[in-house]
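Before any comments, here is the structure.
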Number of protein chains: 2
Amino acid sequence: MELCRKTINRSYKFSNVQPKLCHLPLGHSGKCSEFPFLSHLRSVKETVAKKIERDSTMTTGAAWKSDDAGPNRIQRWGMLLTDEQLLEYGINMENLKPGVQAKLREKAAPYDDCISVAIKLTWLVYGMQDAPEPPEEIKEYLESFLGPIQYNSTACEVCKLPLNFSIFNNAQRGKADLETCHLNPRYHNANNVGFGHRECNIAQGNKTMGEFYNWIEGIIARKDHI
Amino acid sequence: MELCRKTINRSYKFSNVQPKLCHLPLGHSGKCSEFPFLSHLRSVKETVAKKIERDSTMTTGAAWKSDDAGPNRIQRWGMLLTDEQLLEYGINMENLKPGVQAKLREKAAPYDDCISVAIKLTWLVYGMQDAPEPPEEIKEYLESFLGPIQYNSTACEVCKLPLNFSIFNNAQRGKADLETCHLNPRYHNANNVGFGHRECNIAQGNKTMGEFYNWIEGIIARKDHI
């Protein structure tokens, strides 16, 4: 599907680097919109729409802003800038511990990848058990990118158990029971993201999914050997 | 081995509840000592001795003291007191979120159990690859409780890979590569503790070891089925 991609004028930290764009179909009527595919979720379960927007576009931030813990959440494409450029945005990478720097840099992703992640996550939500049914317009939009939405097919990327939309109800401040997870934690794009239980995502840690499965297979083999 | 168990006079928060005792053999010469079995480790690798003393006797505390995050590390036997009794020690359990309260209560353990945990951990350290050799006196002491120290036999409780004493060198402030872990996270006694890699301990989460193995076996089965 061809998209409008008109610049949406909004002032935010990195707007000079990357203007926010309209992702309605080309030639749409009405106002431009950056996340038109989230409009229905936003009306039926706002926390989920906000989570998708946040996880797809923002780095995970420190729980609090501090000189060596790093900045609060920022746009992932901001992390594509050089240390020197980031200084102009008030972010002094050299002040951060090497581990924190590396972790922030791993969250970097181009704007278009972030949008494709948001589309993927929305598509996956509608494929969950007990998910609300998307309006026809949004269904067509999502399916034009990712194929048919199969109700009841979305599973945790890690443990492969089916996910139920109601798990989103358990989300507490900063501690969602369901998290966006990455098959390879170092890349943020549509092919590499999905949902996972919080405990599964934590267990995966910074391993790729393949490394994780090899690791737990090794554990089982050693445990059974003893 | 019969122990001295004389009260060691020291003033600390819960000294009225539980005096600290001497754990040298009954009829020992010289000064009483609470952790005599740690004296050698204390001289060759102080951080390890301190870690054993801390992990065996103290609750994990909040990273910082705050009204709803809970108190800093306190003695585990302090958590055996009632809410009312704890008030006298300046700890208001009712102010804490239910989850924090439950977590603190799970760390409760009688003093003698904590000492037996310290003995077990010390015994395990000497069984690690590349561990220093214990002086004969300490070796006999530890073996009287737990049987022969088998050099090179101490493994991660979770992944079952052998543990090397040098991993303790990686310990960073608050982020040890090697952690004390519990076969059942809800009980703190010698039969239930051991060492585990930090990443393994995190992956285990609040599952018992049996629940963890069942969980990862389920993951492997489902993943191979897809």
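Take the stretch B:126-171 and flag every residue that is within 14 Å of chain A (Cβ to nearest Cβ), surrounded by 15 or more Cβ atoms within 10 Å (Cβ to Cβ) and not hydrophobic (A, V, I, L, M, F, W, C).
B:T154, B:E157, B:K160
Please list, ordered by first then second residue, the pairs with beta carbon atoms under 8 Å, 6 or more apart or interchain, first in the stretch B:215-226 and touching a residue at least 40 places away in the same chain (Cβ under 8 Å) and more than 8 Å from chain A (Cβ to nearest Cβ), second in a helix (DSSP H, G or I) and hydroxyl-bearing (S, T, Y).
none
Okay, residues lined up against (1) at pLDDT 95 or above; (2) in a loop (DSSP other than H, G, I, E, B):
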{"site": "A:T60", "(1), (2)": "no, yes"}
{"site": "A:M79", "(1), (2)": "no, no"}
{"site": "A:V100", "(1), (2)": "no, no"}
{"site": "A:L104", "(1), (2)": "no, no"}
{"site": "A:S116", "(1), (2)": "yes, no"}
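Just to be sure before I move on: is A:A203 within 11 Å of chain B (Cβ to nearest Cβ) and without any contact (Cβ under 8 Å) to a residue 12 or more places away in the chain in the structure I sent? Please lay out each step first, then the result.
Values: within 11 Å of chain B (Cβ to nearest Cβ): yes; without any contact (Cβ under 8 Å) to a residue 12 or more places away in the chain: no.
For A:A203, the condition - within 11 Å of chain B (Cβ to nearest Cβ) and without any contact (Cβ under 8 Å) to a residue 12 or more places away in the chain - is not met.
How about the stretch B:187-217: which of its residues are in contact with a Lys or Arg (Cβ under 9 Å, 6 or more places away or on another chain) and either in a strand (DSSP E or B) or under 16 Å from A:N201 (Cα atoms) (or both)?
Within the stretch B:187-217, B:V193, B:G194, B:R198, B:E199, B:N206, B:W215 qualify.
Rundown of residues vs (1) among the acidic types (D, E); (2) touching a residue at least 12 places away in the same chain (Cβ under 8 Å); (3) outside any strand (DSSP E or B), yes/no style:
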residue	(1), (2), (3)
A:L121	no, yes, yes
A:L124	no, yes, yes
A:S144	no, yes, yes
A:P148	no, no, yes
A:N152	no, yes, yes
A:V158	no, yes, yes
A:F168	no, yes, yes
A:T180	no, yes, no
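The values are calculated or read from the model by the stated rules, or taken from the named source; none is laboratory data. Treat the numbers as computed from the prediction; the structure is a model and nothing was measured. Cβ: placed from backbone, ideal geometry, glycine included. Neighbour counts: every protein chain shown.
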